[in-house]
Amino acid sequence: MSFCHARDQLLGTLILLKTPFNFVHTPDIIGGNSGSPVVNTAGEFVGIIFDGNLASLVLDFAYEDRVARAISVDCRAIIEAMMADVPVIVREGLSFGYRYPYINEHTGQFVREGDLGPAMLDMIQSRDRYSPRDWISRNMTCVTATAILQEHLQRTAEAAGERWTRGIVRKTSGLDGQHYLNPADRAMFEDDYRFIASAIRS
């Protein structure tokens, strides 16, 4: 089986080639920061740190931003891959052995490094048993995530004797950044955005 044929079988859906996959930046990271979220100046999630260059090793002792760089996966690439119905393989033991709940029998598998080759062939040949797009659409949309978060916040507030006044609003990520699902919701947070902007050093 040729690589191109296997790739087409595995993907099944086109991935937007303009989607950014990784980016480099200058946060003060140390070993063990892999998996940490990256936020922009608006407090929006934009990626996940997964590596650093050789010069970043000095950050264990002192901050340096001339040559030290962290490498992060762009959240838009994560979204694009999942919604393109691409099953995933994650190295067994990554992030201190934590087994991400969204890597499951529907979306992909955890694999030891020595088993990577056979696992890739098995995934290609058994592509039909995976349905990441369907699973993510049912379990990981902004609507689902907001409902789960709201349930916990409301329960905590009510347990503390606080009055619950209204539900939280929904945000969604796209190729051009994050947006409120209902654009009119942004007006409620203009004062907060101005405060965040004023607190960030230029």
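Structure data summary
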| item | result |
| --- | --- |
| Per-residue ³J(HN,Hα) for the stretch 22-27, Karplus 6.51 cos²θ - 1.76 cosθ + 1.60, θ = phi - 60°, Hz, x for Gly and Pro | 10, 8, 10, 7, 10, x |
| Top positive-direction residue, dipole computed over the chain with Cβ charges, set V38, Y193, V73 | Y193 |
| Sum of side-chain charges, E113 neighbourhood, beta-carbon under 13 Å (Lys, Arg +1; Asp, Glu -1) | 0 |
| Estimated [θ] at 222 nm from DSSP helical runs (n ≥ 4, -39500 (n - 2.57)) normalised by residues in the chain, nearest 500 | -9500 deg cm²/dmol |
| Reported label for calculated Kirkwood radius over Cα pairs in Å given (i) 18.4; (ii) 17.6; (iii) 19.9 | (iii) |
| Charge dipole (the chain, unit charges on Cβ, about Cα centre) - positive-most of T165, N53, V90 | T165 |
| Local electrostatic count, I148, Cβ distance below 15 Å [Lys/Arg +1, Asp/Glu -1] | +3 |
| Check: the chain dipole with +1 on Lys, Arg Cβ and -1 on Asp, Glu Cβ, in debye | 280 |
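None of the figures in this text is laboratory data; all of them are computed from the coordinates on show. In this text the structure is predicted, and so the values were computed from the model without any measurement. All Cβ positions, glycine included, derive from the backbone under ideal geometry; neighbour counts span all protein chains shown.
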